[in-house]
1. Go through the residues of the range 110-117 one by one and say whether even a single one is in contact (Cβ under 8 Å) with a residue 60 or more places away in the chain and open to solvent by 10 Å² or more (accessible area, probe 1.4 Å).
2. Among the residues of the range 51-91, what is the count of those that are in a loop (DSSP other than H, G, I, E, B) and closer than 14 Å to LEU12 by Cα?
3. Does ARG31 fit the bill of being open to solvent by 50 Å² or more (accessible area, probe 1.4 Å) and under 17 Å from ARG97 (Cα atoms)?
Amino acid sequence: MVDQSLEEAMALTLTSPAFADGERIPSTFARDGENLMPPLRWTGVPDGARSLVLVVEDPDAPRGTFRHLGIYDISSDQSGLSQGASPGVGESFRFARNDFGNTAYDGPQPPVGHGVHHYHFRLAAISEPRLGILGEVSVADVWDKARKHLIEEATLVGTYER
């Protein structure tokens, strides 16, 4: 039998050195700031995970959940993404089209006076090495496909208000 504290230590976790879970996302990472993707770190990738998927969603958006980022085909050997990460030569991951219509990260930009919005950074460990997506795809479609192969999921929530 596995000790509960050992089980918790092995759980998939997602953190950022830029903000703590439940805390405000610095304006550097907001769309009306520098619009840089915050640095992210993860630990506890489960056995059997062959790749990772990352999405950023705002469930507080006026018209329903708004998707700011989708990255898929991230190598399960990676332990994070650097600030401002983007796909480049030698990178295994790909960007999906966000709800702004961009295949990139677009940070928080809630309507002025709409209150605090909660941005859910969701990391999924999946059993497939690649999602097998050809061409441009939406963040919502990537997440739907990833969930079919889900092993474990971790969430980091940051807040932002204008």
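1. no
2. 4
3. Yes, satisfied.
The values are calculated or read from the model by the stated rules, or taken from the named source; none is laboratory data. None of the values given here were measured: they were computed from a predicted structure. Quick reminder, even Gly has a Cβ in these numbers, built from the backbone with ideal geometry, and neighbours come from all protein chains shown. Remember, those area values only see protein heavy atoms, side chains included, never the ligands or the DNA or RNA. Shrake-Rupley method; radii C 1.70, N 1.55, O 1.52, S 1.80 Å.
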